[in-house]
1. Taking the condition free of Cβ contacts under 8 Å to residues at least 60 places away in the same chain, assigned to a loop (DSSP other than H, G, I, E, B) and within 26 Å of Asp297 (Cα to Cα), does Ala191 pass?
2. Residue by residue through the stretch 260-269, note down the ones that are surrounded by fewer than 20 Cβ atoms within 10 Å (Cβ to Cβ), touching a helix residue (DSSP H, G or I) at 6+ places or on another chain (Cβ under 7 Å) and closer than 27 Å to Leu63 by Cα.
3. Look at the stretch 129-147 and say how many of its residues are closer than 15 Å to Trp116 by Cα and either of a type in the set (Gly, Ala, Ser) or out of contact with any His (no Cβ under 9 Å at 6 or more places or on another chain) (or both).
4. Within the stretch 295-335, work out how many residues are open to solvent by 30 Å² or more (accessible area, probe 1.4 Å), modelled with pLDDT under 95 and not hydrophobic (A, V, I, L, M, F, W, C).
5. Taking the criterion of being open to solvent by 10 Å² or more (accessible area, probe 1.4 Å), within 25 Å of Gln182 (Cβ to Cβ) and touching a residue at least 12 places away in the same chain (Cβ under 8 Å), would at least one residue in the stretch 222-237 satisfy it?
6. Kindly indicate the residue of the stretch 238-255 that is small (Gly, Ala, Ser) and open to solvent by 10 Å² or more (accessible area, probe 1.4 Å) and also farthest from Asn215 (Cα to Cα) among those meeting that condition.
7. Condition first: among the small types (Gly, Ala, Ser), in contact (Cβ under 8 Å) with a residue 40 or more places away in the chain and over 24 Å from Thr197 (Cβ atoms). Now tell me which residues in the stretch 247-303 satisfy that.
8. Considering each residue of the stretch 215-234, count those that are outside any loop (DSSP other than H, G, I, E, B) and either aliphatic (A, V, I, L, M) or closer than 12 Å to Gln263 by Cα (or both), and give that number.
Amino acid sequence: MKHFLHEIRSLSSSIQALLLALAITGTASPGVAQVGGTGTVIQKATEQFENSPLKTTSLGKNLFMFSGDGGDVTAIVDDGSTLLIDSGIDSRVSELSDAISKTTLRPVTRLVNTHWHFDHTGGNAFFGSEGVTIIAQENVKKRLSSAQDVPFIGLQDGPYPQQALPTVTYSSTMTLRQGSQQLTLVNYGPAHTDGDTVIYISPANVAVLGDIFSNHVYPIIDLASGGSIDGMIDSIDQVLAHTDGQTKIVPGHGPVAARADLQDYRNMLVQVRQRIESLIAAGKTIDQVVAALPTKDFDAEWGSGYVSPNVFTKMIFSSLTNSPARVARHIAARE
């Protein structure tokens, strides 16, 4: 341990900046992470979720997407019931429930959470209290069962009440049936969080990605929940390998997308990661990396959401410098 600490202290300023990154991701108060000087990421997101109109989009084959009141919600309808993917925010769950009921004309009996964040699980308590079975990757239940603090983006949440917790969990993969549709739930490892679920729906040829994919806005990378830029890209690569040009892709936020949109998103993430990696290798600090504007040519297309270009840059910088494998490689390169 002493030898390892000695090596860490001897690293260049790029690794010294890790200490600053750790302060940002692990010890700052929720009010510190400002977005455009007007509030935290979560404050801006919540304002948007509270005030956006609720929109219903048909995906065909008795599938529907509800958007505007938090994360995108998907409904799969069979002859007797409705299965939901995600449940929006708590303050608008009655409105969401009414829209689902009017659209599907079937009671909700099962609910799958793509991850633990409040804009995707806020309606859990409402649906759980109605006897709906909640399903998620096992880490989602762990996080909803305890207090969570994500200071980088200003999020403090939990623990959730018992009726809001998943009662059915899985580790790496799970299969469900909803009428004629088969749902394949997959966790590809930590990406947006450590409990992400991608749902492939066939034969409808729909893929629901949760916040691994935000359609034309910069995403949150929840470092405090095990997320990483490398994991985001790895998971997207897996989705690209399991979809085709006709697949309808439901993002965590934003309109329904095509595979080409997901490829564009993946290319943006890879290019920004590469630029920030190069700056870190050159010994730049987090503030110097932000000042270098590594996202500049992407900002017009992706920078209009509640995650600003500067915050997105800091997330990737912190993800790269917090990675034990990357630190180990840096040490090895110096020896």
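1. On the way: free of Cβ contacts under 8 Å to residues at least 60 places away in the same chain: yes; assigned to a loop (DSSP other than H, G, I, E, B): yes; within 26 Å of Asp297 (Cα to Cα): yes.
For Ala191, the condition - free of Cβ contacts under 8 Å to residues at least 60 places away in the same chain, assigned to a loop (DSSP other than H, G, I, E, B) and within 26 Å of Asp297 (Cα to Cα) - is met.
2. Taking the stretch 260-269 and keeping what is surrounded by fewer than 20 Cβ atoms within 10 Å (Cβ to Cβ), we get 260-261, 263-264, 266-268.
So of that shortlist, the ones also touching a helix residue (DSSP H, G or I) at 6+ places or on another chain (Cβ under 7 Å) come out as 263, 266, 268.
If the condition is that a residue be surrounded by fewer than 20 Cβ atoms within 10 Å (Cβ to Cβ), touching a helix residue (DSSP H, G or I) at 6+ places or on another chain (Cβ under 7 Å) and closer than 27 Å to Leu63 by Cα, then Gln263, Arg266 are the ones that fit.
3. Filtering the stretch 129-147 down to residues closer than 15 Å to Trp116 by Cα leaves 134-147.
Subset that is either of a type in the set (Gly, Ala, Ser) or out of contact with any His (no Cβ under 9 Å at 6 or more places or on another chain) (or both): 134-136, 138, 141-142, 144-147.
The qualifying residues number 10.
4. Total satisfying the criteria: 8.
5. Yes, the conditions are met somewhere in the stretch 222-237.
6. Initial filter on the stretch 238-255 (small (Gly, Ala, Ser)): 241, 245, 252, 254.
Pick out the ones that are also open to solvent by 10 Å² or more (accessible area, probe 1.4 Å) and you get 241, 245, 254.
On the way: Ala241: 19, Gly245: 17, Gly254: 5 Å.
Across the stretch 238-255, the extreme among qualifying residues is Ala241.
7. From the stretch 247-303, those among the small types (Gly, Ala, Ser) are 252, 254, 257-258, 260, 278, 281-283, 291-292, 300, 303; that's our starting set.
Filter again for in contact (Cβ under 8 Å) with a residue 40 or more places away in the chain, leaving 252, 254, 257, 281-283, 303.
Once the filter is applied, which keeps residues that are among the small types (Gly, Ala, Ser), in contact (Cβ under 8 Å) with a residue 40 or more places away in the chain and over 24 Å from Thr197 (Cβ atoms), the stretch 247-303 yields Ala281, Ala282, Gly283, Gly303.
8. We begin by selecting, within the stretch 215-234, every residue outside any loop (DSSP other than H, G, I, E, B); these are 223-225, 229-234.
Pick out the ones that are also either aliphatic (A, V, I, L, M) or closer than 12 Å to Gln263 by Cα (or both) and you get 223-224, 229, 232-233.
Total meeting the criteria: 5.
The values are calculated or read from the model by the stated rules, or taken from the named source; none is laboratory data. The model shown is predicted, which means the values in this text are computed figures rather than measured ones. In this analysis, Cβ positions are derived from the backbone assuming ideal geometry, glycine residues included, and neighbour counts consider all displayed protein chains. Just so you know, the surface numbers come from the protein's heavy atoms only, side chains and all, with ligands and any DNA or RNA stripped out. Shrake-Rupley method; radii C 1.70, N 1.55, O 1.52, S 1.80 Å.
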